[in-house]
1. Between residue 49 and residue 5, what FRET efficiency comes out of the Förster formula 1/(1 + (r/R0)^6) with R0 = 25 Å and r the beta carbon distance, rounded to 0.05?
2. Tell me the net charge near residue 2. Cut-off is 14 Å between Cβ atoms, residue 2 excluded, with +1 for each Lys or Arg and -1 for each Asp or Glu.
3. Over segment 2-70, what number does the Rg to Rh ratio reach, with both radii from the alpha-carbon atoms and Rh per Kirkwood?
4. Place a +1 charge on the Cβ of each Lys and Arg in the chain and a -1 charge on the Cβ of each Asp and Glu, then give the dipole magnitude about the Cα centre in debye, rounded to the nearest 20.
5. What angle do you read, to the nearest 10 degrees and between 0 and 90, between the alpha-carbon axis of helix 48-94 and the longest principal axis of the chain?
6. Can you tell me which of 40, 14, 55 moves the most in a GNM of the chain? Springs connect C-alpha atoms under 10 Å apart.
7. Note down the nm distance, to one decimal, between modelled labels 7 Å out along Cα→Cβ at residue 26 and at residue 42.
8. Take the Cβ-Cβ distance between residue 80 and residue 12 as r, set R0 to 35 Å, and report the resulting FRET efficiency rounded to the nearest 0.05.
Amino acid sequence: MADVTLEIGDRRHVVASPDGQEDQLRRLAAMLDAQWPMAVRASGGLSGERTMMFVALMLADSLEEANRRPAEIKDEVLLTTIAERLESLANSLEQ
C-alpha cells in the first residue's frame, strides 16, 4: 500500500492506495476537483463538507444519467447493425 496525496478544491487528502491503483485514484480526484468550483458556488462556500456533498450530488446525477443512456445507445447500435446487414443483403440480391 502506498499513500497518495489527492488535491480536491483547496484541500489535500492523504489516502492509502492499493499498489498499482495510485493513478486511478488521482484521476478520480481530478474528477472531483473539476466539480469543485461549481459546488462551492452551490454550497455558498459555507463548508468543505457541504461543498463535497454538492460534488457528490453532481457526480451522482451524472452517473444516473449515464446509467440511463446505455439502453438508448445499445438500441441505436443494434438498429445501425441491422440496417447495415439489410443493406448488404439487398446489395447481394441485386447482384
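Every number here is computed from the coordinates shown, using simple stated rules; none is lab data. This structure is a prediction, so every number in the text was calculated from the model and none was measured. Positions of Cβ are generated from backbone atoms using ideal geometry, with glycine treated the same way; all protein chains shown enter the neighbour counts.
1. Numbers: r = 20 Å, r/R0 = 0.78.
Given R0 = 25 Å and the Cβ-Cβ separation, E is 0.80.
2. On the way: positive: 26; negative: 3, 19, 22, 23.
So the environment of residue 2 carries a net charge of -3.
3. On the way: Rg = 13.3 Å, Rh = 13.0 Å.
Ratio of gyration radius to Kirkwood radius for segment 2-70: 1.03.
4. Working: 10 positive and 17 negative charges, 80 e Å.
So the dipole magnitude of the chain works out to roughly 380 debye.
5. With rounding to tens, the tilt is 10 degrees.
6. Taking springs between Cα atoms under 10 Å, the residue moving most is 14.
7. Here the modelled spin labels are 2.7 nm apart.
8. Details: r = 47 Å, r/R0 = 1.33.
With a Förster radius of 35 Å, E is 0.15.
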